[in-house]
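Take a look at the structure below.
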Amino acid sequence: MVKLLVTGGAGFIGSNFIRHILKEHPDWYIVNLDKLTYAGNLENLKDVEDNPRCRFVRGDIADRELVDRLFREEKFDLVANLAAESHVDRSILDPAPFIETNVKGTQVLLEAARQRGIAKFLQVSTDEVYGSLQPDDPPFTEESPIRPNSPYSASKAAADLMCRAYFVTYGLPVVITRCSNNYGPYQHPEKFIPTIILNALADKPIPVYGDGQNVRDWIHVEDHCRALDLVLQKGQAGEVYNIGANNEHTNLDIVKTILRLMNKPASLITFVKDRPGHDRRYAIEPSKIEAALSWQPQVDFTSGLKDLITWYIEHRPWWERVKSGEYREYAEKWYRSL
Ligand code: NAD
Ligand code: TDX
């Protein structure tokens, strides 16, 4: 039995990752440590909540005592750290929680792993730590300089560097992944693609920051989760693996594509004030993980978007409850029942 600690498992990528691991590894046992911030939603895991191979613990990764106790109780073989404050716009409004969770929380986990011993510590990071590209620049490789521009990406970069220090100084078997923008089921409605689909469904204006020419490199969350699973099992300690699907689009093109797929008018597009420090372009060079771990993205972008639009239509109660904040009642009820 392999014991895996997943942090942030009630969030977007974390919940997809837990579902993936339970399906792919019948002999793995997961502990999901999640603080249930505004972004954590146990309804994302409703279909696996009775699974005896998955235990939920509500708690903060920056809470040293709790994390130490958990490591003592469970004797983890593997850690996958997905817990984070993840939204760039929120980090611009208030950077402090980003330092607390993304930097301090990661260090607390690293230290507990160092004290107790661990086979692999996976730090789930982001392409945003590399900063911004100009239109003609080559994509980010693992050797690209770390040049974060937002408080969010600076906090993720700090966590990555702390992971590196724990590998170099203490020999802790840490691997870091840096993935591009994810889309897929259970993403928080504050993010761009959910905003487009939900506003289009309601015939509401779709806010496009600045001139809409910022470029993001999109990957389906399932392809990301398969890559994380491979890196957790086969990634080499001390290495960084970029994850991306060679799928760059301007924000404006994304909105136009989704509106076309939904049969909604382009008149919904509304240009709004730009995000301060808005990174112009991200692009990931994924050849290292493709060669080293035989990983390839499998989800075609147009089919992925079509399926996602259908998912939103079929999961109206899920997103209505998220948008109204009602899902918190579910969390409290579920938590009280323990
Ligand atoms: P999310 O905001 O949907 O989920 C984050 C989860 O972490 C939530 O369940 C939240 O409750 C939990 N959490 C927050 N602070 C915590 C704390 N102190 N202790 C315990 N749990 C806490 O985020 P996401 O989009 O699923 O991102 C997951 C990870 O992947 C993050 O580390 C993010 O930086 C990284 N990442 C995201 C993307 C993307 O496009 N979404 C791309 C690359 C990397
Ligand atoms: O309403 C919007 N209008 C808009 O034009 C929103 C919410 C966003 N945007 C733009 C900003 C970005 O150029 O769309 C692009 C994508 O925005 P987000 O969904 O906020 O993602 P981004 O800032 O690129 O960061 C995401 O990818 C990397 C995740 O939120 C991070 O957690 C991840 O590390």
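The values are calculated or read from the model by the stated rules, or taken from the named source; none is laboratory data. As the structure is a computational prediction, the values presented were derived from the model and not from experiment. Quick reminder, even Gly has a Cβ in these numbers, built from the backbone with ideal geometry, and neighbours come from all protein chains shown.
Between Glu222, Glu248, which is surrounded by 14 or more Cβ atoms within 10 Å (Cβ to Cβ) and over 26 Å from Pro135 (Cβ atoms)?
Glu222
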Handout entry: Matching residues in region 259-307 - criterion: being closer than 23 Å to Tyr186 by Cα, within 16 Å of ligand 1 (Cβ to nearest atom) and in a helix (DSSP H, G or I)
Key = Phe301, Gly304, Leu305
Completion exercise
Counted residues in region 175-196 being farther than 25 Å from Val79 by Cβ and more than 8 Å from ligand 1 (Cβ to nearest atom) come to 7
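Kindly indicate the residue of region 152-174 that is of a type in the set (D, E, K, R) and more than 14 Å from the chain's Cα centre (by Cα) and also farthest from ligand 1 (Cβ to nearest atom) among those meeting that condition.
In this case the residue turns out to be Arg164.
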Exercise for the section: Kindly check whether there is at least one residue in region 251-268 that is within 12 Å of ligand 2 (Cβ to nearest atom) and either of a type in the set (Ser, Thr, Tyr) or under 30 Å from Ala119 (Cβ atoms) (or both). Expected result: no
Exercise for the section: Provide a single number: the residues in region 60-96 that are surrounded by fewer than 17 Cβ atoms within 10 Å (Cβ to Cβ) and without any contact (Cβ under 8 Å) to a residue 40 or more places away in the chain. Expected result: 6
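Select from region 39-59 the residues that are over 19 Å from Val103 (Cα atoms), assigned to a loop (DSSP other than H, G, I, E, B) and touching a residue at least 12 places away in the same chain (Cβ under 8 Å) and list them in ascending order.
Asn41, Glu49, Asn51, Arg53
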Fill in the blank from the handout: Those residues of region 63-83 that are near ligand 1 (Cβ under 10 Å from one of its atoms) and either in a helix (DSSP H, G or I) or over 15 Å from the mean Cα position of the chain (by Cα) (or both) come to a total of 3
Practice task
With the condition kept exactly as written, say whether any residue in region 316-323 is modelled with pLDDT of 95 or more, surrounded by 15 or more Cβ atoms within 10 Å (Cβ to Cβ) and within 21 Å of Ile18 (Cα to Cα).
Solution key: yes
Completion exercise
Among (1) within 28 Å of Leu305 (Cα to Cα); (2) in contact with a strand residue (DSSP E or B) (Cβ under 8 Å, 6 or more places away or on another chain), Asp160 falls short only on (1)
Completion exercise
Just one listed residue, out of Ser91, Ser86, is out of contact with any strand residue (DSSP E or B) (no Cβ under 6 Å at 6 or more places or on another chain), farther than 19 Å from Phe17 by Cα, within 12 Å of ligand 1 (Cβ to nearest atom) and among the polar types (S, T, N, Q), and it is Ser91
